[in-house]
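**Q** The structure's right below; bear with me while I get my questions together.
The values are calculated or read from the model by the stated rules, or taken from the named source; none is laboratory data. What you see is a predicted model, and the numbers here were worked out from it, not measured in a lab. Note that we place each Cβ from the backbone using ideal geometry, even for glycine, and neighbour counts take in every protein chain shown. Each accessible area value is taken on the protein alone, full model and side chains, heavy atoms only, with ligands, DNA and RNA left out. Shrake-Rupley method; radii C 1.70, N 1.55, O 1.52, S 1.80 Å.
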Amino acid sequence: KGLKFLAKFRMNDRHHRGHLSGHFNMHMGKFLEDHQEWWIKSIPGGLDFTYQGVRDWYLTLAREVVSRFDIDGLTFHYMRFPHVFEPDESREKQPILTEFMRQVRKILDEEGQKKGRKMLFCVIVPVTLEECHNLGCDVPAWIEEELVDIVCPCDWMSTIVNAPYHEFAELTRKKNVYLMPSVHAHISRQLCVRNLMSLPSYRATACNFYGA
């Protein structure tokens, strides 16, 4: 159909911590159970990207997905769940995550050469640069080095109509990077029919996004 397909990774999903939570998730459960020494100490079940073993695991998954399947790239969803380091250490550990992103970019470029086309790299990150830095995501560096092709500022589960998307745009328009703010169906964390976005709200949100 002419559409691009990017395989999405939730970077630190903690819905299921294997048998420890009473639920077993084939995707992450066993790895989480086997490597509790790599958990974020203040967030049980969250993997700490400080450890090389955690980063290597994700790199192995990324390499397998882009080589085995006919996809157009990867999306790394850093908002489900947002912490990849101890919260009070996240800012100082931004270089660790940036180096990890460089390695992913290298995997995509190498596979792109084999396939004869550009392999895209998208990131879903918080809706302000301040929040990005606080969570260990040095998005300005990722854009400056063009490690990513698409940046999607995104709230946890709702649409933020008036977030400062312009601060991302000031960075992306200088580089070959697309800015695509995210729209959710709800206007608040209370996920019920009363809080669904109306059609006028969608149009107003789109106008705000373009304005930014």
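**Q** Could you go through the stretch 167-175 and let me know if any residue there is open to solvent by 20 Å² or more (accessible area, probe 1.4 Å), within 20 Å of the chain's Cα centre (by Cα) and closer than 19 Å to F81 by Cα.
**A** No: the stretch 167-175 contains no residue that is open to solvent by 20 Å² or more (accessible area, probe 1.4 Å), within 20 Å of the chain's Cα centre (by Cα) and closer than 19 Å to F81 by Cα.
**Q** For the stretch 157-212, which residues satisfy the criterion of being of a type in the set (S, T, Y), more than 28 Å from E145 (Cβ to Cβ) and touching a residue at least 40 places away in the same chain (Cβ under 8 Å)?
**A** T159, S201, T205
**Q** For the stretch 96-117, indicate whether the set of residues that are assigned to a strand (DSSP E or B), closer than 28 Å to A169 by Cβ and open to solvent by 20 Å² or more (accessible area, probe 1.4 Å) is non-empty.
**A** No: zero hits.
**Q** Can I ask one more? Report yes if some residue within the stretch 71-83 is open to solvent by 10 Å² or more (accessible area, probe 1.4 Å) and farther than 22 Å from C152 by Cβ; otherwise report no.
**A** no
**Q** So G46 fits all but one of (1) modelled with pLDDT under 95; (2) assigned to a strand (DSSP E or B); (3) within 26 Å of E110 (Cα to Cα); what number is the exception?
**A** Failed condition: (3).
**Q** Which condition breaks for L3 when tested against (1) in a loop (DSSP other than H, G, I, E, B); (2) modelled with pLDDT of 90 or more; (3) surrounded by 12 or more Cβ atoms within 10 Å (Cβ to Cβ)?
**A** All conditions are met except number (3).
**Q** On to the next question. Tally up the residues in the stretch 187-207 that are under 17 Å from P164 (Cα atoms), open to solvent by less than 80 Å² (accessible area, probe 1.4 Å) and under 23 Å from the mean Cα position of the chain (by Cα), please.
**A** Result for the stretch 187-207: 2.
**Q** Continuing with this model, one more query. I'd like to verify a number: residues in the stretch 148-164 that are modelled with pLDDT of 95 or more, in a loop (DSSP other than H, G, I, E, B) and either open to solvent by 10 Å² or more (accessible area, probe 1.4 Å) or over 30 Å from G112 (Cα atoms) (or both), how many?
**A** The number of residues fulfilling the criteria is 1.
**Q** Residue check: is S182 over 15 Å from the mean Cα position of the chain (by Cα) and either at pLDDT below 95 or over 26 Å from N12 (Cβ atoms) (or both)?
**A** No.
**Q** Taking the conditions exactly as written (within 17 Å of Y210 (Cβ to Cβ), buried (at least 16 other Cβ atoms within 10 Å of the Cβ) and modelled with pLDDT of 95 or more), does V139 satisfy them or not?
**A** So V139 does not fit the description; no.
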